[in-house]
Amino acid sequence: MIANVSGNHIAVGLTGLGFYAPERVLTNEDLAAMVDTSDEWITTRTGIKERRIAEPEQAASDLALPAARRALEQAGVTAEELDLVVVATATPDMLFPATAAILADELGATRAAAYDLLAGCTGFVYALSQVYGAVAAGLSRRALIVGAEVLSKITNWQDRSTCILFGDGAGAAVVQPITAGGIVGFELGADGSGGLDLCVPAGGSRRPVSPDVLEQELQFIKMNGAEVFRFATRVMVSSAEELLAACDATVEDVDLYVPHQANKRIVDHVVRNLGLDPEKVLMNIDRYGNTSSASIPICLAEAQADGLLQEGTRVLISAVGAGLTWGSVYLTWTTRGEE
Ligand code: COA
């Protein structure tokens, strides 16, 4: 689906950002002591140097909570004022209840509807589009979206082709009506025919957990890396191009490009193909690895702390992930809440 929403009656923006990354750092050298790999291989193939790993007792909601509190504080919104909480995650605390409901309770968001959304690494962009719709339609006035992942719990630490990629973290944003600017358009898609190229085969209703599942290690991430690489480089380019065209914009108009942090080589390829100035590209994969739905809000929060998000900054965000899914959003940065 694709839309230029700039003409809509209610302008919608991100009025507060926050993120949390667990303290424990796992370096490439640490990984080289666990599987047959090297810092050199991981760095040149992915751009990753280290990633954060949650403590055994930490679940997705534990990472989401501090990120959400920071976003609320920045937006000047209290938890009681929230009417919607959406958590994008592929690693919920439990299959149900939703991590969003757990988070809403911990925050004290007693007036909010709360649900989880599963779109893999595209989860934050999908959540933003859903919540955009609710706010633009007048259904929600103060919404919170969070991308929160504890991928370390579904990673096979003996599989060198996947364990080098992922990290844990959470990023949050408050979404509200604003006076002007804000979200300009979305482009989203899914191709389920490639779903098995990036999946957790068991633990759902197709293959419930059983001794057989555990023996075959089907409770962990399985990935066809080369196929996902090809898919990602293709759709991140086409999605951005189609969205910019729908928004009557070109790559020259983009001040800041925030790509999902999957692999630096994927991003380099996309940037080259789009003809984007590499100076405009935000990367933090070296420090966090791929944190799935948390990667974009973590990038945004860090960009803001670094002064890169000013009133009027035009931001292009693109993501790709399990599903297979993809999505882009184009927006003009403004935090001026509605008067
Ligand atoms: N350390 C050392 N060697 C490794 C390795 C590791 N961690 N992982 C794989 N290799 C080996 C392979 O076994 C293979 O060896 P072979 O040639 O003897 O068979 C060789 O390195 C090349 O493997 P290949 O899979 O072709 O590497 P690649 O350049 O495609 O890089 C990925 C692998 C996973 C980094 C890359 O495919 C990728 O990033 N894909 C996208 C994944 C992704 O982003 N997923 C999330 C999307 S949201």
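Just so you know, all these numbers are worked out from the coordinates, no wet-lab data involved. Worth saying up front: this structure is predicted, and the values here are computed from it rather than measured. Every residue, glycine among them, receives a Cβ derived from its backbone with ideal geometry; neighbour counts consider all protein chains shown.
Here are the numbers:
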| read-out | value |
| --- | --- |
| Rounded to 10°, Cα long-axis angle of helix 225-246 versus longest principal axis of the chain | 10 degrees |
| Pairwise FRET efficiency - residue 216 versus residue 96, Cβ, R0 = 30 Å, nearest 0.05 | 0.75 |
| Gaussian network model of the chain, Cα within-10 Å springs - most flexible of 128, 17, 214 | 214 |
| Relative contact order (%) - region 1-83, alpha-carbon pairs under 8 angstrom, separation at least six | 42 percent |
| Cα-based helix-to-principal-axis angle, 123-136 vs the chain, degrees rounded to 10 | 20 degrees |
| Loop trypsin sites (Lys or Arg not before Pro), region 169-255 (other Cβ atoms within 10 Å of the site Cβ: 13 or fewer; DSSP) | 206 |
| Calculated FRET value between residue 36 and residue 238, using beta carbons and R₀ = 45 Å, to 0.05 | 0.80 |
| Contour excess over end-to-end distance, with Cα ends at residue 9 and residue 80 and 0.36 nm allotted per residue | 22.9 nm |
| Inter-part distance where region 162-209 and region 93-132 are each reduced to a Cα centre, Å | 12 Å |
| Estimated FRET transfer efficiency (residue 73, residue 180; beta-carbon r; R0 25 Å; 0.05) | 0.55 |
| Percent of Cα-Cα distances greater than 39 Å, calculated over the chain | 8 percent |
| Selection of GluC sites (Glu not before Pro), region 34-81, meeting DSSP coil and at most 13 other Cβ within 10 Å | 57 |
| Rounded to 10°, Cα long-axis angle of helix 60-75 versus longest principal axis of the chain | 20 degrees |
| Stretch gain in nm, segment residue 205-residue 45, where the contour uses 0.36 nm per residue and the Cα spacing is subtracted | 54.1 nm |
| Mean separation of Cα contacts under 8 Å, 6 or more apart, over the residue count of the chain: relative contact order % | 27 percent |
